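The values are calculated or read from the model by the stated rules, or taken from the named source; none is laboratory data. No experiment lies behind these values; they were computed from the predicted model shown. Here the Cβ is made from the backbone with ideal geometry for all residues, glycine too, and neighbour counts use every protein chain on show. To get the accessible areas, we keep the full protein, side chains included, count just its heavy atoms, and leave off ligands, DNA and RNA. Shrake-Rupley method; radii C 1.70, N 1.55, O 1.52, S 1.80 Å.
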Amino acid sequence: MAKYLPDMRAGDDYNIQLRILDNNSNVVNITGYKFWLTLKSSFEDTDASAVLQFSSVAGYNENDQPTQGICYLAVPAALTKPIVAGSYYYDIQQEVGINVTTVLPPVADYKDKIIVVPEVTRAV
């Protein structure tokens, strides 16, 4: 089980709520920020061979509240369906202009893994 993200079931929608705060725990206005979620079997895998790569811009999801630092990464079931059950390295990065920063996991837990479990019903 990942420390910072919920585990995932292949074939289900997967939703992550991000709340971005600065170093003083103040809300950051993230309007227009782009966020990337990437899952890989190995750190050495290229992005092209990632198990999952999904991005969203703060304000795109109807539930986003970018002026309050809140953005949802709403990965559709069609993207999680082909993921083979297992444990995967992950990160979430934010892109603001030319600046890229890893949001999760923190450096101390860079080897944290998310668990993907298989789906049971495949007819849907």
*Among 86, 66, 36, whose Cα lies farthest out toward the positive end of the dipole of segment 1-99, if unit charges sit on the beta carbon of Lys, Arg (+1) and Asp, Glu (-1)?*
86
*What full-extension length gain, to one decimal in nm, is calculated for residue 17 and residue 57 as 0.36 nm per residue of separation minus the Cα-Cα distance?*
13.1 nm
*asked:* Tell me the mean residue ellipticity at 222 nm calculated for the chain from its helices only (DSSP H runs of n ≥ 4, each -39500 (n - 2.57), averaged over every residue, nearest 500).
replied: -500 deg cm²/dmol
*What is the chain's relative contact order, in percent, from Cα pairs under 8 angstrom and six or more apart in sequence?*
35 percent
*Identify all lysines with a Cα-Cα distance to residue 111 below 17 Å; exclude those on the same chain that are fewer than 8 residues away in sequence.*
3, 40
*So how much slack lies between residue 107 and residue 46, counting 0.36 nm per residue of separation and subtracting their Cα-Cα distance, in nm?*
20.0 nm
_Sites matching GluC sites (Glu not before Pro) across segment 30-107 that sit in DSSP coil, with at most 11 neighbouring C-beta atoms within 10 Å_ = 44, 62
*Solvent-accessible ranking of 88, 4, 33, largest area first, probe 1.4 Å*: 4, 33, 88
*residue 79-residue 122 pseudo-label distance in nm [points 7 Å out on the Cα-to-Cβ vector]*: 2.3 nm
*So which residue, out of 41, 56, 25, gets the largest mean-square fluctuation from a GNM of the chain using Cα contacts under 10 Å as springs?*
25
